[in-house]
Amino acid sequence: RSSRVTGVHVRLREWQEAGPETPGLRGTDLGGRDARALAARLSDAGVLEVVEMREGVHVRALAHVGRIQLGDIRITVEPKIGTSELLALIRYAYGLRNLRLFEETGFAHTGELLQDLLAAQLLAEVTELTARGLAKRYVPRSEELASPRGSIDFGEIARRGPAASSTLPCRHHLRLLDHHLNRVARAGVELAGGIAQDSGLRRSLRRLGARLGAEVDEVRLSVESLGRARREVNRLTASYLPSLQLTELLYSCAAVSLDGDATTALPGFLFDMNRFFQALVGRFLADHLLGFEVCEEHALTDMMRYLPGQNPRRRRAPIPRPDFVVKRGKSTVCLLDAKYRDLWERDLPRDMLYQLAIYALSQPRPSTATILFPTASVGATSSVVEIRDPTGSGVLGYVELRPVVLPELVGALTGSDGDRKALAARLAFGQSLVTVVDLPSPRHTRAVPSIRLPSDPRRA
């Protein structure tokens, strides 16, 4: 093997791959035990495939986009969808406001597109919060005061016993900026400043973080601190929700779950397009599929169970959970699963087919389970797989591959309400639905989706 190349930068699009025939990857390796261990875990978890070969390193991008450093190799995976379209969909999926980004296209060609877009959006959100005036809250304080304020702590006086002192222990409340929501806002800005790749954007975030730090203490971002911040949002502080959404999103991209509940802090930033696509489709259906209830990750209980007396390890029965179950009243209308893989251009993997076949067989026969997949091909149409009884007893069910044409979805978001309702109905029910009947307001009201966060990577 030739001497290892240093400072290799591999740039890919989603689902693209590069091998030893690519300049820079021939004759190189990951260069260390830690990098090899992380690459193996990323490959096993289906995040990014990185394999050392005799001739060099082979890299295959999957459904995560962003940037990561593995030894001497920097890998950047860029999304296929355009800059403005991607940002519009992210804003809609996570309930972000349509704020003007500072020099929106200035960092679009640095190779670190997505993290800069999210960091710039957070900069705009928190800058607007500070311009309007950060929320103040009454914060409890216990301290010794020469001029008593609030209530005197007689219990503390009794515990101390008689003593000559010019102060009294008091409990009182001060209306301050230094409370948990503002601390999380500061921590999010500092996190974005560390993630951003554009130098101008990074400087703006650091200046804003320093300004917040003059009046707000720091807090360590974790699942617990972000969850507490969400619980503290009320009608008076609802304007904090977009910045909190972005902070959760950036945090989840910096700590990827690789082994079930275990997480790994990444030397980079990886955005899970699968989760984003599920949040996008879920919100669009819930907002515009009027008259129906859209249940996310609804459990198909009692479909599978261990036979009585045939479960020696007392394990729980498997419970399939489709991404979306569309109901009308108590009746299930359809089962939908969002898969971030362009099945118009690529083959249907067996595991996806088997999973959807199980969903289809869970309903009265013959029933259909649908895969919603993204594509940029405007002419994409649905495909249907028939599930047949091999003994010749007929059709058991169907699996439909239904495209979500992203340019069409972006256009619908800026179009009329009727266009959005028609598209939501077509995505849920297919081309056979010709008209959309306006029904009473839906029973299901969907709030802004929360980000599924990994556990604290520092504990992993």
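The values are calculated or read from the model by the stated rules, or taken from the named source; none is laboratory data. Just so you know, these numbers come straight off a predicted model, no measurement behind them. So basically every Cβ, Gly included, is an ideal-geometry build from the backbone, and we count neighbours across all protein chains shown. Note: areas computed on protein heavy atoms with side chains; ligands, DNA, RNA excluded. Shrake-Rupley method; radii C 1.70, N 1.55, O 1.52, S 1.80 Å.
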Whenever you get a sec, compute what percent of the accessible area on the chain sits on carbon and sulfur atoms (1.4 Å probe).
49 percent
For the range 338-354, 3J(HN,Hα) per residue [Karplus equation, 6.51 cos²θ - 1.76 cosθ + 1.60, θ = phi - 60°, Hz, x = Gly/Pro]:
8, 10, 7, 7, 6, 7, 6, 9, 10, 5, 7, x, 4, 5, 5, 4, 5
Once D302 and R41 are pulled to full extension, the length gained, defined as 0.36 nm per residue separation minus their Cα-Cα distance, is 90.6 nm
Which Cα, out of S225, T332, S199, lies furthest along the positive dipole direction of the chain (beta carbon charges, K/R +1, D/E -1)?
S225
Could you compute how much accessible surface E128 exposes when probed at 1.4 Å, giving the result in Å² to the nearest 10?
50 Å²
Extension gain, E21 back to D389 (0.36 nm per residue minus Cα-Cα distance, nm)
127.9 nm
Area accessible to solvent at H173, 1.4 Å probe radius, in Å²
110 Å²
Is there a quick way to get the dipole size of the chain? I mean about its Cα centre, with the Cβ of Lys and Arg at +1 and of Asp and Glu at -1; what is the value in debye to the nearest 20?
1200 debye
Loop only per DSSP, at most 12 neighbouring Cβ atoms within 10 Å: give me the GluC sites (Glu not before Pro) in the range 267-301, ordered by residue number.
E297
Protection proxy ranking, peptides 379-388, 240-249, average beta carbon neighbours within 10 Å, highest first:
240-249, 379-388
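How high is the FRET efficiency between E143 and R206 when r is their beta carbon distance and R₀ equals 30 Å, given to the nearest 0.05?
0.35
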I'd like the accessible area for H64: 1.4 Å probe, protein heavy atoms, all chains in place, Å² to the nearest 10.
20 Å²
Residues of type lysines that K330 reaches as a straight line, Cα spacing below 29 Å, ignoring anything fewer than 8 places off in the same chain:
K339, K421
Just the accessible area per residue of the chain, please: how many Å² with a 1.4 Å probe?
51 Å²
